Amino acid sequence: MDIAAVIFALLSAVLMGTIGVFSKLTGLPAEIITFFRLILGAGFMIIFLAIIGKVHLIKQWPSLPVLINGILLAGFIIFYVQAMNHTSMANAIMLVYLAPLAASVIAHFFLGERLTITALGLIFSAMFGFAMMMEFKIDINSGSSEFIGICYGLLALASYTGFILVNRIIRPEIHVYTRTFWQLFTGGCVMIPFVLFSIDEVSINHVPWLLGVGFFPGFLAILFAVIALSRLPVAIFGTLAYTEAVAVVIFGWTIFNEALSALQISGCSLIILSSILKTVIASRQSLNEYNKMPHRDIKESELPV
């Protein structure tokens, strides 16, 4: 088990969860939040590469799957933000994080990343935790704000599922920094036609918040997610990513006074426990497989990116 990749996945999940905070604090339309998250995220990526002397990496052809993932990333973010505009943060994140389960099942059949009974059980355990957070009820009357939020949430689910899977099939020789920049930049470019009619809603007072959107859930969260996805199987990343839901609920509770019941707190605890157990089991499996392999010196070219 790559412990560093696990840490990156957890940090990415928490940082991803901050998008709802920025969205609610600014009150700006979803397309504005999405555009600045991606395009400023790409800008911060260029600054980062300049600091470490690797700007040349963005001059490489990123490959078609990377560009497709940029489009999926834009779709995921705008649909997710729209879902939060029509329902609670907890409800929106519950729908979005059906995606790791869907991605794990698809990867099981098409990418050779086999799910064990234990792994599948822990994934469903985490999903049951989501149901507890939702208190096992949701209003889906057609035409209601809740129903509209659910529809946007399902679109975000589909986009995020594709984002996870496509990241796993990108050629390993494409540097994670190259992937990150081009996914952010492509997603930002996709959003340009959608922001032309609402850009006048941005005022000077929004600038600090938009910089935060670009840096935290944009640059850092996407960079950490891409690094983690390049090193971890879909099932492990997906289970760890459930911690975003806990972060979102905690943000809603502490910042926006979205009170948590005992059942919802229990659901958060179940998600965390499932994630920890999934990681521990995967770590032991990796160690057992390593011990069965003939030991040899590792070449520098085989080291992780």
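A short reminder: the numbers here are calculations on the coordinates, not readings from a lab. Everything numeric here is computed off the predicted structure, so don't read it as measured data. Backbone-built Cβ (ideal geometry, glycine too); neighbour counts: all protein chains shown.
Just grab the label-to-label distance for Glu146 and Ile51, each label 7 Å out from Cα along the Cβ direction, in nm (one decimal).
4.5 nm
Rounded, prolate or oblate, given the Cα gyration tensor of the chain, with a/c below 1.5 counting as rounded? Present the calculation step by step, with values, prior to reporting the outcome.
Working: a/c = 1.87, a/b = 1.13, b/c = 1.66.
Verdict is oblate for the chain.
Residues in the stretch 55-94, backbone N under 14 Å from the label point at His175 (7 Å along the Cα-to-beta-carbon vector): list them, ranges by number please.
55-62
Please arrange Glu31, Glu258, Glu135 by counting, for each residue, the other beta carbons lying within 10 Å of its beta carbon, fewest first. Display every interim value, and only then the final one.
On the way: Glu31 22, Glu258 16, Glu135 12.
Ascending number of Cβ neighbours within 10 Å: Glu135, Glu258, Glu31.
For a quick check: sort Thr254, Thr18, Thr180 by the number of other beta carbons within 10 angstrom, fewest at the front. Walk me through the numbers on the way to the answer.
Numbers: Thr254 11, Thr18 21, Thr180 26.
Ordered by Cβ neighbours within 10 Å, fewest first: Thr254, Thr18, Thr180.
What ³J(HN,Hα) values, in whole Hz, does the Karplus curve 6.51 cos²θ - 1.76 cosθ + 1.60 give for the stretch 254-269 when θ = phi - 60°, with x put for Gly and Pro?
Working through the residues one at a time gives 7, 9, 10, 6, 7, 4, 9, 8, 4, 5, 5, 5, 5, x, 4, 5 Hz.
Taking Cα pairs under 8 Å and at least six residues apart, what relative contact order does the stretch 3-290 come out at, in percent?
41 percent.
Using 1/(1 + (r/R0)^6) with R0 = 25 angstrom and r between the beta carbons of Phe197 and Leu111, what's the FRET efficiency to the nearest 0.05? Kindly include the intermediate steps, with their values, before the conclusion.
Working: r = 40 Å, r/R0 = 1.60.
Efficiency at R0 = 25 Å is approximately 0.05.
Remind me, relative contact order of the stretch 1-132 in percent, using alpha carbon pairs under 8 angstrom and six or more residues apart?
Value for the stretch 1-132: 22 percent.
Between the stretch 180-210 and the stretch 219-267, how many Å separate their Cα centres?
Taking the Cα centre of each part, the stretch 180-210 and the stretch 219-267 sit 24 Å apart.
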